[in-house]
Amino acid sequence: MPRLSIEVQGVVQGVGFRPFVYRIAHLHGVTGWVRNRPDGVEIEIQGPRTVLDEFLVSLRKDRPAPARIERIATCETIEQAGEASFAIVASGHSAETRPSVPADLAICPECAQELDTPGDRRYQYPFTNCTYCGPRYSIIEGLPYDRPKTSMKGFPLCADCLREYQDPLDRRFHAQPVACPVCGPQLRLTDGHGVAIAAKVAALVGAADALASGAIVALKGLGGFQLLADATSTGAVARLRQRKRREEKPFAVMFQTLAALKRDCDVSEAEARLLGSPEAPILLLKRRDGGTVAAAVAPRNPHLGAFLPYTPLHHLLLAAVDRPLICTSGNISEEPMAIDDADAFERLREIADVFLLHDRPILRPVDDSVVRLEAHGMNVLRRARGYAPLAHPVPSQAPPILSLGAHQKNTIALLNRGQAVVSQHLGDLHSLQGAQLLERTVEDLLKFFATRPEILACDLHPDYASTRLAERLAVQWQVPLVRVQHHHAHVAAVMAELGLAGPVLGLAWDGSGFGLDQTLWGGEALRVDAKGCQRVGHLRTFPLPGGDRAVKESRRSAAGLLWELSGATGPVDNLYTASEQPLLHSMLERGLNTPRTSSIGRLFDAVAALTGIRTVRGFEGQAAMELEFAAERASDPEAYPWAFRGEECLVADPAPLIQALLKDLQQGLSVAIVAQRFHRALAELALAWARHADLKAVVLCGGCFQNALLTRLVRERLLNAGFQVHLPVVFPTNDGAISLGQAWVAAQRSLLDS
Ligand code: ZN
Ligand code: ZN
Ligand code: FE
């Protein structure tokens, strides 16, 4: 009888793939075996030809929900005599290692059912999981993924759990984090000094009571500590804002069920599927009038970040409280989340009234992912839980490359053997904790993938913590360091994700990045291919009085832009006090601490200040967001005009735009229409640059394209004019993808050199 050897690569470990293979083998009556290899799963099957074909169909079609098959290779092998059955055998070792690290998975419907079934041995047990769900990346120490290499190693299995773990037909067969109330982790409730208040079910009830009475609870969640508060209580929200020193940035809200969520948000079918997926991200949804959630949760914001309980613990807590809860990262501003108890007490004591803890160690911070569904597909705003660190195919013959990203919303990436692994969102690197997390994540990835990078890549900015670490590692490992311009990396990230060889026109629009000419770039049109990057267009530069401070105060961008265009700051002088004005003017006159920028993010800030929408921002991107929301309220076909100059490089001068905008404001035109006309002007700018570059393929990237209205208008304008428009789908458009782009650029260069 024929015998096939099958290799399966993709996300096939930690997702119940081997028991699934075992079940379909029994179903079809084939003999042979299945085993894990460091780079996937290996199967041999023997039986009549037609049955083997059916098995292969089933292997692709019926795979478990969290599994992702990237590649199946089959070849005929030698018939084995005397084999009576199909078996799961011990993990094999292979010289060719292309491992995959499984991502954390949201609780599956079967486990949720057990949780709610009185009499089930896992009734109300908050650490229930199975091969289809539960913690993975947040608890893994090393590969291959086996219980002794997870933070569950300290919990020996009881007889019942062991039986399930060993039974190939059980849903918990080889579920590494399997646990029950007898042998697994337990809850406890403490005050901010670790003094015990209650344990087990009483701890859960205590936390629920605290939340119901308006208290703030620090919860040791899946990938780190979270802060919880009653989302329906204006008082609780105000307390959380005041203690967390977070005045206006929206909070995400967790709802008990999809039905409850639909009372507050409009949800399409596709959005409902995403909310209930194993990745279970925070989804940005349109808020409904008359919902249950307090307005202060997301002030002046027509959207709400909403999600569903993704661990059994969240599931039980939400059921006990019976109302939506704010569920936000347990950190201060953009520092990494706390993951161990001592650190959480230290950092969150002033914020939380009580702490709901458990004794399963969290090995690395894994934040909640944030996603929005748009006309063109997914827009991933933060890629972490559920998605990271899943590998993405990026065919390349280059040697292993490690890239350390930029500075904000940072990630790192490893490009090796035709796949790119991008870390989870690491947050900003301003803080010591951020820099330490960066270094630990480097160690993590290299250990998991058993790789020694032969090339390092980083940003051009000399002061980023990522650049400094890259410089240190390059010396330590004696490997070359490739410095990649920030916006080149933005474009390259999309090319890497979508497999575009180029040349493409990349429109890289963001806050700012280190340019090649001593200015801060951020409104760029770049021609990119495997050989490199050429600047074919940019925004006319303008001074930013105060440098970094301009990022926080949109009035500074407005003053700088007006100064550039007219030599005066008249229309925004009223935004400065009498004592501030002379300093501003002398900075601008003498060019002191006023770097020049071509950033469209800063142009957004300037317009937000001129329209009075926002003159000083509370959080990153707030000015642009509020301008977007204002524009969404209007519908107006007009676009403000531009002037262009230059031949090779087409410089876009916003002078006529600003002139027309100020005139509209003087004449009392509504801010909504002004904001709409400004957005449309940017779509015209995209088209002008696309025509100038004369390339069919246009890539849109950079933080500005987190703006859904801008993305839609630019995309439609380009599509209607016959261009192809490419946007990232699985990686963020913001700096979270810079590491991927850096790795791709370094790979192309190494191949050109060799
Ligand atoms: Zn499950
Ligand atoms: Zn047990
Ligand atoms: Fe950027």
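Annotation: amide H of Leu105 within the under-5 Å range of Gly134, Arg136, sequence separation 5 or more or interchain, hydrogens built in the peptide plane. Annotation: amide H of Leu650 within the under-5 Å range of Gly537, His538, sequence separation 5 or more or interchain, hydrogens built in the peptide plane. For the range 738-754, the Karplus equation 6.51 cos²θ - 1.76 cosθ + 1.60, evaluated at θ = phi - 60°, returns couplings of 4, 4, 4, x, 4, 4, 5, 5, 4, 5, 4, 5, 5, 6, 5, 6, 8 Hz by residue, with Gly and Pro reported as x.
When the solvent-accessible area of the range 379-489 is split by element, carbon and sulfur atoms take up 52 percent of it, the probe being 1.4 Å.
Packing, as the average of other Cβ atoms within 10 Å across residues, places the peptides 268-281, 601-614, 658-671 in the order 601-614, 268-281, 658-671, highest first. Rounded to the nearest angstrom and listed largest first, the equivalent-ellipsoid semi-axes of the range 509-730 from its Cα gyration tensor are 27, 21, 15.
Sorting Arg555, Arg749, Arg35 by solvent-accessible area of protein heavy atoms yields Arg749, Arg35, Arg555, largest first, with a 1.4 Å probe. Could you tell me whether the range 448-499 comes out rounded, prolate or oblate from its Cα gyration tensor? Rule is a ≥ b ≥ c as square roots of the eigenvalues, rounded for a/c under 1.5, then prolate if a/b exceeds b/c, otherwise oblate. Oblate shape, in that a/c is at least 1.5 and b/c is the bigger or equal ratio.
Here's the picture: charge each Lys and Arg Cβ at +1 and each Asp and Glu Cβ at -1 in the chain, and of His726, Val11, Gly291 the one pushed furthest to the positive end of that dipole is Gly291. Compactness ratio for the range 187-358: Cα radius of gyration over 2.2 N^0.38 Å (N = residue count) comes to 0.97. Note on His430 and Glu648: their simple-model spin labels are 3.8 nm apart, each label 7 Å out from Cα toward Cβ.
On the range 509-730, 49 percent of the accessible area sits on carbon and sulfur atoms, based on a 1.4 Å probe. Apolar share of the accessible surface for the range 3-88: 49 percent from carbon plus sulfur atoms, 1.4 Å probe. Largest to smallest in accessible area, the residues Val57, Val267, Val504 fall in the order Val57, Val267, Val504 (1.4 Å probe, all protein chains included). Here is the short version for the chain: Cys75, Cys111, Cys130, Cys161, Cys180, Cys265, Cys327, Cys458, Cys533, Cys649, Cys701, Cys704 have no other Cys C-beta closer than 4.7 Å.
For Ser750, the solvent-accessible surface with a 1.4 Å probe is about 20 Å², rounded to the nearest 10. Exposure check, 1.4 Å probe, all protein chains in place: Thr711 carries approximately 0 Å² of accessible surface. When the Cα gyration tensor is reduced to axis lengths a ≥ b ≥ c, the ratio a/c is 1.5 or higher for the range 240-293, and with a/b above b/c it is classed as prolate. Rounded to the nearest 10 degrees, the angle from helix 432-448 to the longest Cα principal axis of the chain is 40 degrees. Listed peptides 698-706, 207-215, 584-592, 363-371 appear in the order 698-706, 363-371, 207-215, 584-592 once ranked by packing, highest mean of other Cβ atoms within 10 Å at the front. Computed from the Kirkwood radius of its Cα pairs, the Stokes-Einstein diffusion coefficient for the chain at 37 °C and 0.692 mPa s stands at 120 µm²/s. Less than 9 Å Cβ to Cβ from Arg121, Lys/Arg counted +1 and Asp/Glu -1: what total charge do the surrounding residues give? That sum, taken over residues with Cβ under 9 Å, equals -2.
In this structure Leu27 has an accessible area near 140 Å², from a 1.4 Å probe over the protein heavy atoms. Sequentially through the range 688-700, phi angles give Karplus couplings (6.51, -1.76, 1.60; θ = phi - 60°) of 4, 5, 5, 5, 5, 6, 6, 10, 5, 8, 10, 9, 9 Hz, Gly and Pro residues having no value and appearing as x.
For the range 3-88, the relative contact order is 49 percent, taking Cα pairs closer than 8 Å that sit 6 or more residues apart in sequence and dividing their mean separation by the residue count. Computed per residue of the chain from DSSP H runs no shorter than four, each worth -39500 (n - 2.57), the mean residue ellipticity at 222 nm is -10000 deg cm²/dmol. In terms of accessible area, using a 1.4 Å probe and ignoring ligands and nucleic acids, Val422, Val551 rank largest first as Val551, Val422.
Highest mean first, the peptides 738-744, 129-135, 643-649 sorted by other C-beta atoms within 10 Å per residue fall in the order 738-744, 129-135, 643-649.
Of the beta bridges in the chain, as assigned by DSSP with both residues counted there, near 75 percent are antiparallel. Given Cα pairs under 8 Å that are at least 6 residues apart, what percent is the relative contact order of the chain? Result for the chain is 11 percent.
In order along the range 53-68, phi translates into HN-Hα couplings of 4, 4, 4, 5, 4, 4, 4, 7, 7, 9, 3, x, 3, x, 6, 9 Hz, rounded to whole numbers, per the Karplus curve 6.51 cos²θ - 1.76 cosθ + 1.60 with θ = phi - 60° and x for Gly and Pro. Applying both filters, DSSP loop and at most 16 other Cβ atoms within 10 Å, to the GluC sites (Glu not before Pro) of the range 468-533 eliminates every site.
Measure nothing but the geometry: give the 0 to 90° angle between the long axis through the Cα atoms of 600-610 and the longest principal axis through the Cα atoms of the chain, rounded to 10°. It is inclined by approximately 60 degrees.
In degrees between 0 and 90, to the nearest 10, how far off the longest principal axis of the chain does helix 200-212 point, with axes built from Cα atoms? Taking the Cα atoms of the chain, the angle to 200-212 is about 20 degrees. The residues of the chain expose, per residue, 38 Å² of accessible area to a 1.4 Å probe. Here's how it looks for Val482: its modeled amide H is under 5 Å from those of Leu456, Ala457, Cys458, which are all 5 or more places away or on a different chain.
Seen through its C-alpha gyration tensor, with square-root eigenvalues sorted a ≥ b ≥ c, the range 473-561 comes out oblate because a/c lies at 1.5 or above while a/b is not bigger than b/c.
The values are calculated or read from the model by the stated rules, or taken from the named source; none is laboratory data. Everything numeric here is computed off the predicted structure, so don't read it as measured data. Note: ideal-geometry Cβ built from the backbone for every residue, glycine included; neighbour counts use all protein chains shown. Calculation scope for accessible area: heavy atoms of the full protein, side chains included, ligands and nucleic acids excluded. Shrake-Rupley method; radii C 1.70, N 1.55, O 1.52, S 1.80 Å.
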